[in-house]
Structure formats: C-alpha cells, structure tokens
Amino acid sequence: MEELKETIQPAEAVEEVEAEVSTAPEQLKERYVAPKRRRRWGDRKDGRLLRTIPPMSRLMPFIMPYRYDACNQFSDSFDVTEADKYCRRKIREGYTNFNFMHLLIAAYVRAASQYPAINRYVAGQRIYARNEISVVMTIKKSMDIDAVDTCIRVTFAPDDTAVEIYEKFNKVIEAYQAEEEAKSSLDGIMDFFTKFPRFILRGVVRLVKWFDYHGIVLLPDLPFYGSMIITSMGSLGIPTIYHHLYEFGNLPVFLAFGKKYYKLVMDHEGNLSKRRHIDLKVVTDERICDGFYYASAFKYIKKLIEHPEALDERPEQVVEDVD
C-alpha cells in the first residue's frame, strides 16, 4: 500500500487530504485556463489524438476492436458516514437536495483533473484525450413507472468545486423537469430518426458509425458521447448493478451505485462500529489506460468521498494529458 502511494505522482494531494480539509481557504484559487492547442491532422472535434502513448497502448484498439471486448468490471464499497454529514451541511447552507450523486460526480471530475487518462476514449481504433469533462445521466420527470425519461449531458470544468458541480447539474435537470412536456434535444433527435422505416434507420446508424470511425461526429448530442455515464440504483431502492458499455459512441466508463446500508466495521484496535456504506460498481474500457492507473484514480475518488471537504476548494493544479 505504501509503495502504491509513493508511485501515484499526478495526485500527491491524496496523501494530504486529511490535513487539507481542516483548513478551509478564505477564497477559492483562480480558475484554471486550459492551454491553447492548435488542431492537428487526426484530431477530432471532441478530442485530440494522442501521439506519444506507448506502442502497446496504440495497438490495443486493434487487438480489441470492440468496446465489449475491452470491458473490465470493478466494485467497491464507500464509507459515506462523513459524506452524509457533508451533504446535510450543504443542504443547511441552502443547496437544496444536495446528495451523494452530486458528491460522486464532483469526486470523479476532480479525479479526471488529476488523472486525465480516465477522460480518454477510443474512436476509429485510435485513442483520444477528450477536450472536456462531460457526464451523461438518464433522468425522469417524476418517479412514476409511466413517467417519461431522457438522457442529459452536463459539462464541467476540471477545477469545479462540489457546489459548482451541484449548480451546473441541477440547472440542467430543473430546466428539463420544468417543461410542461419534458423533452430534451436528445429526445428530439431520436424521435426524428425513429420515424424512418427500419431499412433507412439501419442505414443511418451505419452511416453515423462510419463517419464517427473516420473522425467526424455527426450527432454529438446523442447520449453515447461523454467522459462517463452514471446511474443511481439507490434512488430506486435496490442494490447496484454492473451496467454494460455501449459500442455506439465513445463512453469509456459506466458508474452505478446502490442504496445506503449499514455495515459493521472493525478499527485497528478491534472495536466494532456501525457505519453507513454505498456500493459502487464500475465498467471500464481498459484500452484508454492500464489497470494500475484506473486503480490509482478510483482510490483517489474514494479518498475524496471519505473527506469531501477537499472538494470545496480548487485543486492545486490540473494535470494535462500527454501529447
């Protein structure tokens, strides 16, 4: 464990989280400004081609050409005792309905700012660094069986705080739920295409995939493009599941978390205590980075969930992906 901590260079702040959270900053750091990059041959509208990654990494999309070939499954259990206290404190501060979903998204965005390889994707058997951090989620207008559901995508800055992520996320959801007949732009696109006969629709899907393979994204608003997609089984009152990745589009990570439950935990002195936990299950595209990198990023996320006050301030630095 100690050897692993020493190796995690991009996010050294993980080891100092406990010390950092005790001293809240008087004001937030200046906003991160992304470096200007000239678009080069091979880059896409939503990402830049990575040219300096190891040969083995460049070869993997040819050895495993399909996303379902490259799926890895990972599960963990988070102690959310401190996270619950943090969420209740945010609600008292006026951030209505601030919950674990906002906190988990904030932790993931922060991890992507320190471990940028988890924000890569594979398209056309090449590996790209995504230009932005965007999260996709399916929502309902109301928690009824017959309620209409849709997908939303929210884009975040790599140095966003938990409150900024809460505000951006809720703004999109509230705009959707406030409409008399809730329908997002994604719904409009899909509704348009489903009016075609099946043979035309099959041809349209093949054409979109062909253009996507060659670096042209015809329908970027479809819910199959983003940094990751997340779902809450806990809101349905059931345990979590492993959710598949989609071959269409370029989503590389699917997060699913379940309902809260109590778990007996033994401390170093052998004392038992009852703590609240949430199970997280993740499906990843292993072609974008190796297992050690994924493990480092998710350990960082777990640290942030256990010490959420660190998300009230901006990161010391935002780590850029390789060229």
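Read the figures in this text as sums done on the coordinates, not as results from a lab. Treat the numbers as computed from the prediction; the structure is a model and nothing was measured. Note that we place each Cβ from the backbone using ideal geometry, even for glycine, and neighbour counts take in every protein chain shown.
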Worksheet entry | Fraction of the pair-distance distribution of the range 188-323 above 22 Å, Cα-Cα pairs, percent | 60
Fill in: From phi via Karplus (6.51, -1.76, 1.60), per-residue ³J(HN,Hα) for the range 51-67 in Hz, x at Gly/Pro
9, 10, 6, x, x, 4, 5, 5, 7, 4, x, 8, 6, 10, x, 10, 5
Practice prompt. Can you give me the P(r) profile for the chain? Cα pairs, bins 10 angstrom wide beginning at 0, each as a whole percent.
Written response: 5, 24, 34, 25, 10, 2, 0
Response to the item:
Beyond 25 Å (Cα-Cα) in this structure, taken from Lys171/Lys209; Lys45/Lys299; Lys171/Lys263; Lys168/Lys274; Lys259/Lys299; Lys45/Lys90, we find Lys171/Lys209; Lys45/Lys299; Lys171/Lys263; Lys168/Lys274; Lys45/Lys90
Worksheet item: Ranked highest first by average number of other Cβ atoms within 10 Å, how do 230-242, 95-107, 76-88 line up?
Response: 95-107, 76-88, 230-242
Worksheet item: According to the square roots a ≥ b ≥ c of the eigenvalues of the Cα gyration tensor, what is the shape class of the range 26-132, taking rounded for a/c under 1.5, prolate for a/b larger than b/c otherwise, and oblate for the remainder?
Response: oblate
Discussion item. If packing is taken as the average count of other Cβ atoms within 10 Å, what order do 118-124, 267-273, 43-49 fall into, highest mean first?
Written reply: 118-124, 43-49, 267-273
Fill in: Alpha-carbon Rg with Dmax, taken over the range 154-267, Å
18.2, 62
Worksheet item: Relative to the longest principal axis of the chain, what angle (0 to 90°, nearest 10) does the C-alpha long axis of helix 291-306 take?
Response: 50
Item to complete: Sort 196-207, 280-291 for me by packing, meaning the mean count of neighbouring Cβ atoms within 10 Å per residue, highest on top.
Response: 280-291, 196-207
Fill in: Integer Hz, Karplus 6.51/-1.76/1.60 couplings in order for the range 76-93, x for Gly and Pro
7, 10, 9, 6, 10, 4, 6, 5, 5, 4, 4, 5, 5, 5, 5, 5, 5, 7
Worksheet item: Normalised by the residues of the chain, what does the relative contact order come to in percent, with Cα pairs under 8 Å and at least six apart?
Response: 29
Worksheet item: Asn72: net charge of surrounding residues, Cβ under 15 Å, Lys/Arg +1, Asp/Glu -1, itself excluded?
Response: -1
